[in-house]
Ligand code: NAD
C-alpha cells in the first residue's frame, strides 16, 4: 500500500488515509483506486469495524484524477479503446457505489457501516466525487480550500458519478454552475450550496463522532430511498421540464455547440434523470467514454492542463539561479503600465511607476486603487490588503527612485525614439545587473536593445490587455538576449501567476502574427461580399470568443490602419495585405473606428452597446447572391491562423509547439476545444490539411500555400506532437 492506508482503533473506527508518496497533492491513479477498494473491502468485512472515515494526510484532500490515467486506460484497451474506457469507468463507479451502499441489506437498507469523509482542504474532481459517495462530508474551515468539479474546464465532465450524484442531490438547475461552469467554492460556501455537509475546526474528529452515532437511516441516500423525487423536478415533470429546455438553450448559446463535453454532460444529466440511479451511472459512463474518445478531450487536457502546467513550472527555463523580482520599475503609467503595476503589487513586488508627468503616474496608481475598491465591494479584498498593496506602488517622475530595481518593464508610447530615450535614462539609474524588458507589441526587440550597453540583459515581456485579466505573457528573446534575462522574465511571470511562452524575435512575435491574419481574413470576406454575420458567427461556432469583425471594432480600426501603414513601409513590395488595407482605410475614412467611436462594423448606441451590423457596408461591398458554406468560411478563418503558426515554427520564432498551442488559446481564445493550432492540425491529419491548403490556395490566393514543413509531414505521415512533442524531443 502506498497511496491509501487503513488504521483501525479500539472504538471500531477504520480510518482510511490518502497520502500519495512524493507529491504535495493527492491525485487519483489506477493503482490508488485498487488500494482504496482493498481498504474498503477490509473495513466492510471486519466485524470489529463499526464505521469508516476517509481523510488525507496532506494539507488538502485531493486535486483530482491523474489525467494520464484516462489516456492509459484507452491505450491499454488495444483494438477496442471505447470498451476499455467504459469498463475502467464502470469499475470506478462500482467502487464508489460500494462505499455508498456500505454493505447494507439491499432490501431493508439496514446494517450498513457509516462512511464519512473528512476534508482538510481542497477537494476537486474525483477529490469531491469520492466524498459525494460517502454518507456525510466534513470540511475544515479553511477559506483557502477549493471545493468543486472543474473537469469541464479541460474538456471533460465529472465521470466518476459526480454528475449523477450532484444532480440527484441538488437538482439539475442548482447543480449546473458546478457541472457546466466548473465553479469552485470555499468550504462555507460549498456547504451553503449543498456540495458538502459540515464545516468544522477538526473534520476528522467530527467525522468520527458522526460515524459513531449514525443510524441506519442516516446511511440511505435520498435516491436509494423509496419515493425519491429529484429536486426541481425530473425532465418529464412539469416543474423540471423548463429547467432542461432552458439548460439546453443556455449551453448551446454559450458554447455554440463547439464543446463536446458540455453537450455530452447535458445528455448524461437528461437521460440519467429518466432512469433509476444505477442505470444513470451507466449512462454517465457511456457519455464520459464518448467524450474521452473524441480527440478534442485529449487535446484540451494536453494543452490546458498538462502543457500549461509544464510551461508554468518552467519547462523552457534556462539554467540560472533564482531570479525572482524584488523591486520592479515600470516606465509609462498608461493602460498597460498601470495594469503591470497592479499585477506586480498583487504578487507582493515593490513597484516604482514612472511617467512623464506626476498626474499621469498618479493616475496609473489610481487604477490599482479603483480595482481594489471594486474587490472590497464584492467582499473579495480587505481594507488592509488594499493599503498593503497601494503601499507597494510609488508613482513618480524621478528616475533616481529606480535605484535598486532588479527588473524594469517599459510600457511607454510605441515609438522607437521615445523608447530609446527612456531606456537610457532608466539604465543610468539602476545597477549593472538589472534586467530590462520592453512591453512593445510591434517593435523588434533586437533593435530596441541597441539603446542598452548590455543587450544580453534586454528582453521583451509582452502582456495582453487588460493585464489583470489576460492569463498569457509572451516573452521575446532578442538576437543577443542571454539566459539570465530569460530566466528573470520567466521567474517574474511565475510570481504574477500567469502562463509564459518564450519566442524568438520576429515581426509581431507569435501571438499578434497569428491574430492579424484571422482579422484580415474576416475583412477580406466582407470585401468579397460575404455576410458579416456569417463571418463572425462562423468563428463563434468554432469556439472563438469573438468573431474577427467584432474583434476589429474592439481593438479599433485606427490601430489596424496604423499597423498596416507601418508594416507596408517596412516590407515594401513584399507586403501581402493591400486588399485588406482598402477596407481598413475605407472604414477609417468614414470615421467608423470601432466601439470607441460608437461606429465600426457594428452600429452602437450611446452607451457603446452593439446594435447590429452597419447597413452602410453593403453599399460599398455588395453581398454575394450565393453565400459560401459555413465550413468554407470556418476553414478560411482557421487556416489563416494555423498556417501562420506553422510558419512561425518553421522560422524558429516558435521553439516549442506546446507554447504555440497554449499561447493561442490563452492569448486570443483560439478554438479551445481543439487544443490549439498544432493540435487542430493533428486532429485533421497533415495529409488532409495539406490537401485543404492546395484547395484554399487555388480558390483564394497564395497566403494559403502549404508550408514546406506541413507538406513534408503529409508525405511522411507525421503529426506535430509525434514529431515535435516533448517525448519526441527527449528521444
Ligand atoms: P498608453 O498610451 O496608454 O500609455 C503610455 C504611457 O507612457 C502614457 O501614460 C504616457 O504618458 C507615458 N509616456 C510616454 N512617453 C513617456 C516618457 N518619455 N517618459 C515616461 N512616460 C512616458 O499606451 P499603452 O496602451 O499602455 O501601451 C504602452 C506600450 O505597451 C506600447 O509599447 C504598446 O505597444 C504596448 N502594448 C499595448 C497593448 C494594448 O493593448 N494597449 C498590448 C500589448 C502591448
- Counting only backbone N atoms under 16 Å from a point 7 Å out along Cα-to-Cβ of residue 279, the residues of segment 49-89 in range are none
- Item | Simple label model, 7 Å out from Cα along Cβ direction - residue 97 to residue 471, nm | 3.5
- Query: At a Förster distance of 60 Å, what's the computed FRET efficiency of residue 7 paired with residue 443, Cβ-Cβ distance as r, to 0.05?
  - Reply: 0.40
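In the calculated pair distance distribution of segment 255-319, what percentage of Cα-Cα distances lie above 19 Å?
On the way: 1020 of 2080 pairs.
The share of Cα pairs beyond 19 Å in segment 255-319 comes to 49 percent.
Counting other C-beta atoms within 10 Å, which of 706, 405 has the fewest, and how do the rest follow? Before the final figure, lay out the partial values.
Working: 706 21, 405 24.
Listing 706, 405 from fewest to most nearby Cβ atoms yields 706, 405.
Between residue 218 and residue 626, what is 0.36 nm times their sequence separation minus the Cα-Cα distance? Round to one decimal in nm. Before the final figure, lay out each step's value.
On the way: separation 408, 0.36 × 408 = 146.88 nm, distance 6.61 nm.
Full-extension gain reported as 140.3 nm.
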- Using Cα atoms only, what is the angle between the long axis of helix 67-76 and the major principal axis of the chain, expressed in degrees (0 to 90) to the nearest 10? 70
- So what's the back-of-envelope 222 nm ellipticity for the chain, counting only DSSP H runs of four-plus at -39500 (n - 2.57) apiece and dividing by all residues, rounded to 500? -15000 deg cm²/dmol
- Message: Taking the Cα centroid of segment 709-731 and of segment 228-270, what is the distance between the two, rounded to the nearest whole Å?
- Response: 41
- Query: Rounded to the nearest 0.05, what FRET efficiency do residue 403 and residue 144 have when you use their Cβ-Cβ distance and R0 = 41 Å?
  - Reply: 0.70
- Arrange the peptides 143-156, 691-704 so that the one whose residues have, on average, the most other Cβ atoms within 10 Å appears first. 143-156, 691-704
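Classify segment 72-131 as rounded, prolate or oblate from the Cα gyration tensor: take a ≥ b ≥ c as the square roots of its eigenvalues, call it rounded if a/c is under 1.5, otherwise prolate when a/b beats b/c and oblate if not. Can you show the working numbers first?
Numbers: a/c = 4.89, a/b = 1.50, b/c = 3.26.
Judged from the Cα gyration tensor, segment 72-131 comes out oblate (a/c at least 1.5, b/c at or above a/b).
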- Note on the structure: Simple SL model, points at 7 angstrom along Cα→Cβ for residue 312 and residue 189; separation in nm is 1.8
- Subtracting the Cα-Cα distance from 0.36 nm times the residue separation, let me have the gained length for residue 650 to residue 570 in nm, one decimal. 26.6 nm
- Inter-label distance for residue 358 and residue 376, nm, one decimal - labels placed 7 Å from Cα along Cα-to-Cβ: 2.4
- Item | Cα centroid of segment 10-68 to Cα centroid of segment 504-567, whole Å | 52
- Message: Please compute the length gained on full extension between residue 319 and residue 562, using 0.36 nm multiplied by the number of residues separating them and subtracting their Cα-Cα distance.
- Response: 83.5 nm
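Would you work out the Kirkwood radius for the chain? I mean one over the mean of 1/r across all pairs of different Cα atoms, in Å.
28.3
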- Message: Students often get this wrong: which residues of segment 8-29 have the backbone nitrogen under 11 Å from the point 7 angstrom along Cα-to-C-beta of residue 205?
- Response: none
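Quick note: the coordinates plus some simple rules give every number you see, no bench work behind them. These numbers were taken from a predicted model, which means no experiment stands behind them. When we count neighbours, we look across all protein chains shown, and the Cβ atoms used for this are built from the backbone with ideal geometry, even at glycine.
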